[in-house]
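K.L.:
Handing you a structure now.
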Number of protein chains: 2
Amino acid sequence: MARQPNKVQIIPLGGMGEIGKNMTVIRYGDEIIVIDSGLMFPEDDMLGIDLVIPDITYLLDNRDLVKAIVLTHGHEDHIGALPYVLKQLNVPVYGTRLTLGILEGRLKENNVSVNNLNAVKPGDQIQIGNFKIGFIRVSHSIADAVALSVKTPVGVIVHTGDFKLDQTPVDGKVTDFYRFAELGDQGVLVLLADSTNAERPGYTQSEKSVGVTFDETFRNARERIIIASFSSNVHRIQQAIDTACKHRRKVAILGRSMVNVVNIALELGYLNVPEDVIIDIDEINNYPSSGIVILTTGSQGEPMSALTRMAMSDHKKVEIIPGDTVIISATPIPGNEKLVSRTIDFLFRQGAEVVYESTSGIHVSGHASQEELKLIHNLIRPKFFIPVHGEYRHLIKHSKLAQSLGMPKENVFVAENGQVLEFTPDKGAVTGKVTSGNVLVDGLGVGDVGNIVLRDRRQLSQDGILIVVVTMDKQRGQVAAGPDIVSRGFVYVRESEQLMEDARERVKQALEKCELNGVTEWAAIKSNVRDTLGKYLYERTRRRPMILPIIMEV
Amino acid sequence: MARQPNKVQIIPLGGMGEIGKNMTVIRYGDEIIVIDSGLMFPEDDMLGIDLVIPDITYLLDNRDLVKAIVLTHGHEDHIGALPYVLKQLNVPVYGTRLTLGILEGRLKENNVSVNNLNAVKPGDQIQIGNFKIGFIRVSHSIADAVALSVKTPVGVIVHTGDFKLDQTPVDGKVTDFYRFAELGDQGVLVLLADSTNAERPGYTQSEKSVGVTFDETFRNARERIIIASFSSNVHRIQQAIDTACKHRRKVAILGRSMVNVVNIALELGYLNVPEDVIIDIDEINNYPSSGIVILTTGSQGEPMSALTRMAMSDHKKVEIIPGDTVIISATPIPGNEKLVSRTIDFLFRQGAEVVYESTSGIHVSGHASQEELKLIHNLIRPKFFIPVHGEYRHLIKHSKLAQSLGMPKENVFVAENGQVLEFTPDKGAVTGKVTSGNVLVDGLGVGDVGNIVLRDRRQLSQDGILIVVVTMDKQRGQVAAGPDIVSRGFVYVRESEQLMEDARERVKQALEKCELNGVTEWAAIKSNVRDTLGKYLYERTRRRPMILPIIMEV
């Protein structure tokens, strides 16, 4: 038997300097395990892109070494890339039951069939090659979330996943503090910990505090209550249902993902609902409005979601009735602020009473604030620390927090995606770089839209396009038809006929000049037309539309 | 002399249900005055649009009645439409000195020459026809801001403009509480009041509190300090300079609008700066880094601004040096959150210490919170109330606040742009509607981009465009050249040659079918090509690019 190497590598393929697309590789010798495979929602400048997944070239290049994918919880930014990853990489997946339940739904939607999903329970330990992986219960804004301990021959690695330290969780299942303390006592080589809320002082409020606010709001509501929330927040849904029961209201579920998750959670026993409480959305008119709660998607103002459609009077089953109370039990994800505002405004216009962000207690975060992070660091007392899950500034703040607890600066690694971090029992260092990056998903296309296409979309979106078509007589070397100019997204043609006529005249002149000067190469003619027209239009309009000359030959 | 009518009309042309584009018309008989003429920044879905101004058809239709435009302060959302409005409407403009100073700069930039700008001082009263207009000092995030009282034969109208009730303003010039109280005592018919912060409980903090935070930050900084702020916030700039003086640092000014406003404010005496404190940006390297402050634009992460260029290592005069302290003394305007985050991340990457939003006290709002609004209502005690300047939900919250103070619901008007609100001494009612709306400015084009162009830009931005060109032989009724397909923003062609080849084949088949079936109308042929190709591409890619068939004739 070969001598065991005395080093372990940690390679983040996503989640560094960004919110989303979380994926971390741990490699020991010829064995690789992967923690999470998340997606990221596109940035504003990724026009037309549906979602972004990590570049897994490194895993495909080492496909025989990949032993397993281990999941921390069922949020999109941790499991959303799996439908794409599992198509290319057939490996066992391990996760808790709710996580796998949600994953199965996603796989089905994407027509991916996989038969190697393995359910674990918090507290379980599994051996995969040289890795002994432990699943440790934590609180988060989804049920059944776990942190991971990965025991390797070099030392123990702890990855917190997303977590908070809720002292009064809705299901009564408190974070496994003991296990963290025990690991700390035995010695941890590297800690990777969630940095999302590293900017926030103090503690994150308990999920239960939202239940108190629900109760107050229900007490004041006289007509129907409509609650929008993330469908994956099973505890939030539980609290909404509990409050509905207390106030003797029936609950109808609306929106595809809300219906899906509620069904999965009911089936797996993660939601406790007395019989006859949940009714079909078609039955709501059989009850007085004071006896109804509607649980819906749309807390992010997504244009096609149930709540947004209601706000726009565009939902086929439910319309807002003046006097309805709408609770938006979520904070806008950065980038969604304007969509959410617009939805709130339209709900007010429809006569609803809207309870939202600015009202305190209607939403709490699922991520640990600074004091919770400090506690985790002090429990685990790792030798090395890698802040994960966050924009660069979050990683920096988390790094400083670790240093404020006494960790030497050189033991903290603010890493970038693709960096190879190598650890021996005594030393950590960046020793290399593997392929990493964004793979853009647009419709069925995975990775076929890159920078050139995006640059074109940006230009098209700003000033539109002018297409100049000329048919050339090949033999005589002169224009046979055209030039014709067609524009889209540039200017409303009926109101700018003169401008377009003048533009055509300029192109004609440019073509004549080419003919006179004996310019016959198409590329040269095209570039001439492009320059002449571009300059002219910029002078007249201060706009720079895309100009696309096309020459046909007869 | 005709009997004087016993009613006055208030017609908002902008600022209702939106942040920006503030403009209010007051009409009595055959006399009109206009309060403010602001611009609005484009919404996310207004692709390529530079700015939005109010539709002033109503004013142009009644151009002989317009006696004056009266300004409350010099922010873009109150004066930014004037370069466009004054081109079409030659009327006297009244405002305080700093307001007019900033306006003159804007007019010059837009090559508009106007000779009818009239400076007033807070406390002044002027008579314009039947209107007696009083200028009342208020605090705001720009110096020289005023509220307006408009005495008409029907009653007094008070418009607060944008305001807060700063008890310790930087220049010591406190809001003219006495004048508001006096007006209230004499009787006010209608109050129009700023609703921007109607959601916020309590009081807005004093501008002076920012000075305290500046002082603390300066005390901890060892190298250069770079402060980004709104250029128009003269008081903020004064505090930055005062703090720099106290800590014996020189101040360099960076960014076009910052340089402009500082020059105007110095010239008009709104900034007090000891000699030799301000240095040229080219001189900064003559001083130790601990002796430098750079005041810059870019607090909103604007891509072309000085701060963003520094963050991206793209500024030709200043680069970030590790150890620099960057203070972003502003809150992101809704929609700018991601730009600001990105700038902060890049500054951290350059090694700067960044002090921003999450740090308390680095910025305060310029708008009154709920307790201040209550005070203004209680001082003025109007008969009727119109909440202005805000999204719909802000107007609703402000309306409820007024009712909580005892105002009858029917005396509060949550109005929409273009509505005619008519008041007699005893009654108020919506009596009509005039033309109003958004005029989009794109480059030199004012109003030439409308819904059709925007819809095209949106489609182009999402999935790009495919152009299908065919040259037809007119006499033989058959294809002479092509079909050729050119795409932009759809897919990276080199990686999808097969797809494009298949697409061409489909178009060819569609054309042959047309020929076979004797379809000769171009419109029919085009629509055939569009449908066939669109369907095929959607099946293959799940994308819906714009498809533009062009037929040339020889």
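K.L.:
Using Cα positions and a limit of under 22 Å, work out the lysines in reach of residue B:338, with same-chain residues fewer than 8 apart set aside.
P.N.:
Within the straight-line cut-off, residue B:338 pairs with A:21, A:338, A:397.
K.L.:
Please provide three numbers in whole Å: the alpha-carbon extents of chain B along the principal axes, with the largest listed first.
P.N.:
87, 74, 45
K.L.:
What figure in square angstrom, to the nearest 10, would you give for the accessible area of residue A:409 with a 1.4 Å probe?
P.N.:
Near enough 140 Å² of accessible area.
K.L.:
Note the distances from residue A:476 to each other copy's matching label point, with points 7 Å along the Cα-to-beta-carbon direction, in nm, sorted shortest first.
P.N.:
Those label-point separations list as 1.7 nm.
K.L.:
Tell me which aspartates and glutamates have Cα within less than 16 Å of residue A:316's Cα, excluding those fewer than 8 residues away on the same chain?
P.N.:
A:280, A:282, A:283
K.L.:
Moving to a separate point now. Residue by residue through region A:317-332, which ³J(HN,Hα) values in whole Hz follow from phi under the Karplus form 6.51 cos²θ - 1.76 cosθ + 1.60 (θ = phi - 60°), with glycine and proline marked x?
P.N.:
Here the 3J(HN,Hα) series is 10, 10, 10, 6, 10, x, x, 4, 9, 10, 9, 9, 9, 5, 9, x Hz.
K.L.:
Let me ask another. What residues from region A:514-537 fall in the zone where the backbone N is under 13 Å from a label point 7 Å along the Cα-to-C-beta line of residue A:473?
P.N.:
From region A:514-537, the list is empty.
K.L.:
A drop of at least 10 square angstrom in accessible area, chain alone versus all protein chains together, probe 1.4 Å. Which residues of region B:43-57 meet that?
P.N.:
B:43, B:44, B:45, B:47, B:48
K.L.:
Need the C-alpha centroid separation for region B:292-361 versus region B:387-428, integer Å.
P.N.:
40
K.L.:
In sequence order, what are the phi-derived ³J(HN,Hα) couplings for region A:163-173 according to the Karplus relation 6.51 cos²θ - 1.76 cosθ + 1.60 with θ = phi - 60°, rounded to whole Hz, with x for glycine and proline?
P.N.:
Each residue's phi maps through the Karplus curve to give 7, 9, 10, 6, 7, 9, x, 4, 8, x, 9 Hz.
K.L.:
Another question about this same structure. 5 Å is the cut-off here: which amide hydrogens, built 1.01 Å from N in the peptide plane, fall below it relative to residue B:365, excluding neighbours closer than 5 in sequence?
P.N.:
B:205
K.L.:
Now, a different point. In nm, what does the list of distances from residue A:6 to its counterparts in the other copies look like, shortest first, when each label sits 7 Å along Cα to Cβ?
P.N.:
Taking the point 7 Å beyond Cα along Cα→Cβ, the inter-copy spacings are 10.2 nm.
K.L.:
Evaluate the distance, in nm, between pseudo-label points positioned 7 Å from the Cα of residue A:374 and of residue B:317 along their respective Cα→Cβ axes.
P.N.:
Placing both labels 7 Å along Cα→Cβ, they lie 4.3 nm apart.
K.L.:
Here is a further query. Using amide H atoms built 1.01 Å from N in the peptide plane, name the residues 5+ places from residue B:94, or on other chains, whose amide H lies under 5 Å from its own.
P.N.:
Result for residue B:94 returns B:69, B:70, B:71, B:118.
K.L.:
Could you state the number of Å between the C-alpha centres of region A:245-289 and region B:430-444?
P.N.:
Cα centroid to Cα centroid, the span is 45 Å.
K.L.:
What are the lysines whose alpha-carbon lies under 21 Å from the alpha-carbon of residue A:317, with same-chain residues fewer than 8 places away excluded?
P.N.:
By straight Cα distance, residue A:317 reaches A:250.
K.L.:
While we're here: Once you compute Rg and the Kirkwood Rh from C-alpha atoms, what is the Rg to Rh ratio for the protein assembly as shown? Walk me through the intermediate numbers first.
P.N.:
Working: Rg = 32.3 Å, Rh = 32.9 Å.
In the protein assembly as shown, Rg relative to Rh is 0.98.
K.L.:
Would you mind giving the mean number of other chain beta-carbons within 10 Å of the Cβ of each residue in A:480-493, as a whole number? Could you put the intermediate results ahead of the total?
P.N.:
Working: counts 6, 8, 5, 1, 5, 0, 5, 3, 11, 15, 8, 7, 10, 3.
Averaged over the peptide's residues, the number is 6.
K.L.:
So with the 1.4 Å probe, I'd like the accessible area per residue for chain B, rounded to whole Å².
P.N.:
On the way: 23070 Å² over 554 residues.
Averaged over the residues of chain B, the accessible area is 42 Å².
K.L.:
Next question, about the same structure. Would you mind giving the total buried accessible surface between chains B and A, with a 1.4 Å probe and ligands, DNA and RNA left out, rounded to the nearest 100 Å²?
P.N.:
Details: alone 25990 and 25990 Å², together 46130 Å².
Between B and A, the summed buried area is about 5900 Å².
K.L.:
Given the whole protein assembly as supplied and a 1.4 Å probe, what does the accessible area of residue B:501 come to in Å², nearest 10?
P.N.:
90
K.L.:
Something else now. Can you pull the percent of the protein assembly as shown's accessible area that's carbon plus sulfur, 1.4 Å probe, other chains left in place? Let's see the in-between values first.
P.N.:
On the way: 20800 of 46130 Å².
C and S atoms contribute 45 percent here.
K.L.:
Follow-up question, since we're still on this one. Just grab the label-to-label distance for residue B:44 and residue B:215, each label 7 Å out from Cα along the Cβ direction, in nm (one decimal).
P.N.:
Each label point is offset 7 Å from its Cα along the Cβ direction, giving 4.2 nm.
K.L.:
Something else: What nm value, rounded to one decimal, do you get for the distance between residue A:177 and residue B:289 when each label is placed 7 Å out toward the C-beta?
P.N.:
4.4
K.L.:
Mind listing the long-range amide H neighbours of residue B:292? Cut-off is under 5 Å, sequence gap 5 or more, other chains count too, H placed in the peptide plane at 1.01 Å from N.
P.N.:
For residue B:292, the qualifying residues are B:225, B:250.
K.L.:
Then there's this: If you plug each phi of region B:516-529 into the Karplus form 6.51 cos²θ - 1.76 cosθ + 1.60 with θ = phi - 60°, what whole-Hz ³J(HN,Hα) values come out, in order, with x for Gly and Pro?
P.N.:
4, 7, x, 6, 10, 5, 4, 4, 5, 4, 4, 5, 4, 4
K.L.:
Across peptide B:534-542, how many C-beta atoms of other chains are within 10 Å of each residue C-beta, on average?
P.N.:
Numbers: counts 0, 0, 0, 1, 2, 1, 3, 5, 5.
Per residue, the average neighbour count from other chains is 2.
K.L.:
Partner chain Cβ atoms within 10 Å, averaged over the residues of A:448-456 - can you pull that number for me? Before the final figure, lay out the partial values.
P.N.:
Numbers: counts 7, 8, 3, 1, 5, 10, 3, 2, 9.
So the per-residue partner count for this stretch is 5.
K.L.:
Moving on to the next point. Return the residues of region A:329-359 for which accessible area with all protein chains present is lower than in the chain on its own by 40 Å² or more; set the probe to 1.4 Å and exclude ligands, DNA and RNA.
P.N.:
In region A:329-359, residues shielded by partner chains: A:337, A:338, A:342, A:345, A:348, A:349, A:356.
K.L.:
By DSSP, what percent of the beta bridges with both residues in region B:61-197 are antiparallel, rounded to the nearest 5? Can you show the working numbers first?
P.N.:
Numbers: 15 of 24 bridges.
Counting DSSP beta bridges with both partners in region B:61-197, the antiparallel share is about 60 percent.
K.L.:
While we're looking at this one, here's another question. Roughly how much of residue A:208 is accessible, in Å² to the nearest 10, using a 1.4 Å probe?
P.N.:
Looks like 100 Å² after rounding.
K.L.:
Output the pairs from B:132/B:383; A:164/A:246; A:208/A:246 with a Cα-Cα distance over 24 Å in this structure; if there are none, say none. Kindly include the intermediate steps, with their values, before the conclusion.
P.N.:
Numbers: B:132/B:383 19 Å; A:164/A:246 28 Å; A:208/A:246 15 Å.
Violating the 24 Å Cα-Cα cut-off are A:164/A:246.
The values are calculated or read from the model by the stated rules, or taken from the named source; none is laboratory data. These numbers were taken from a predicted model, which means no experiment stands behind them. When we count neighbours, we look across all protein chains shown, and the Cβ atoms used for this are built from the backbone with ideal geometry, even at glycine. All accessible areas refer to the heavy atoms of the entire protein, side chains included, with ligands and DNA or RNA removed. Shrake-Rupley method; radii C 1.70, N 1.55, O 1.52, S 1.80 Å.
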